[in-house]
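Participant: I have a structure here, written as structure tokens, and I will follow up with some questions on it.
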Amino acid sequence: MPWLEPFQSQAANEFRARLEGTLASNRANNAEEIAAAAESWCAEEAKREDARLRRDALLKALGELGYEVREGIATAWANAGRVVVRKPGETNYGVELMSAGDTALQTRVVAFERAGRGSEGTPRDKEVEEAWCSDFEQLRSLMSGAGFETVLRQAMPAGAVKIKVVPGDRMEARTSGGHGERGQART
């Protein structure tokens with residue numbers, strides 16, 4: 001099945017085996033049904049592969065900008081739909097990356113929950129957001145160099161929305177909800 005050759009994943013191997021089994025057993029009554037199922041599967045697999053490539057390129061670019069990108073973070077992001085990365089030495093803030101698996105990506109600065117942080121935030125919040133805005137422009141350039149177009153669809157000025165507070169200061173998948181994203185880009 002040459003049209004499945006571009007897909008080299010566990011899911012592709014499982015689909016190939018299922019399709020070959022159906023063809024070999026003569027359970028397939030309608031070649032059009034098989035072709036439609038294969039076409040649909042290939043389109044979905046191409047979307048998943050594109051999303052994986054975008055996540056990988058974005059995480060590589062963040063690593064080049066000095067953010068901590070650890071092994072397994074791409075998988076955590078794919079599974080949870082969001083992760084938080086931070087720069088080494090920055091124990092109070094990170095950047096949350098959110099995507100629903102399509103081409104839309106949302107980012108925002110988050111503060112790590114800690115004693116002494118009031119509900120109104122700190123004077124440093126805006127400074128950290130401004131630094132992320134600068135990093136985001138560099139990130140867009142790196143993504144472009146990797147072959148991904150990044151279009152900024154919405155941006156909030158630094159300090160316009162209260163920073164979201166997340167538990168701890170570890171890089172892990174974050175599944176909490178919330179609004180007030182700082183930027184939304186399509187890659």
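The values are calculated or read from the model by the stated rules, or taken from the named source; none is laboratory data. Worth saying up front: this structure is predicted, and the values here are computed from it rather than measured. Glycine also receives a Cβ, built like all others from the backbone with ideal geometry; neighbour counts cover every protein chain displayed.
Participant: When you check Gly147 against the structure, is it at positive phi, in the same structural domain as Leu65 (by TED's automatic domain parsing) and either aromatic (Phe, Trp, Tyr) or modelled with pLDDT of 85 or more (or both), yes or no? Steps first, please.
Facilitator: Working: at positive phi: yes; in the same structural domain as Leu65 (by TED's automatic domain parsing): yes; either aromatic (Phe, Trp, Tyr) or modelled with pLDDT of 85 or more (or both): yes.
Answer is yes for this residue.
Participant: If you don't mind, another one. Name every residue in segment 32-59 that is farther than 30 Å from Gly21 by Cβ and either among the aromatic types (Phe, Trp, Tyr) or surrounded by 15 or more Cβ atoms within 10 Å (Cβ to Cβ) (or both), in order of residue number.
Facilitator: Arg54, Arg55, Ala57, Leu58, Leu59
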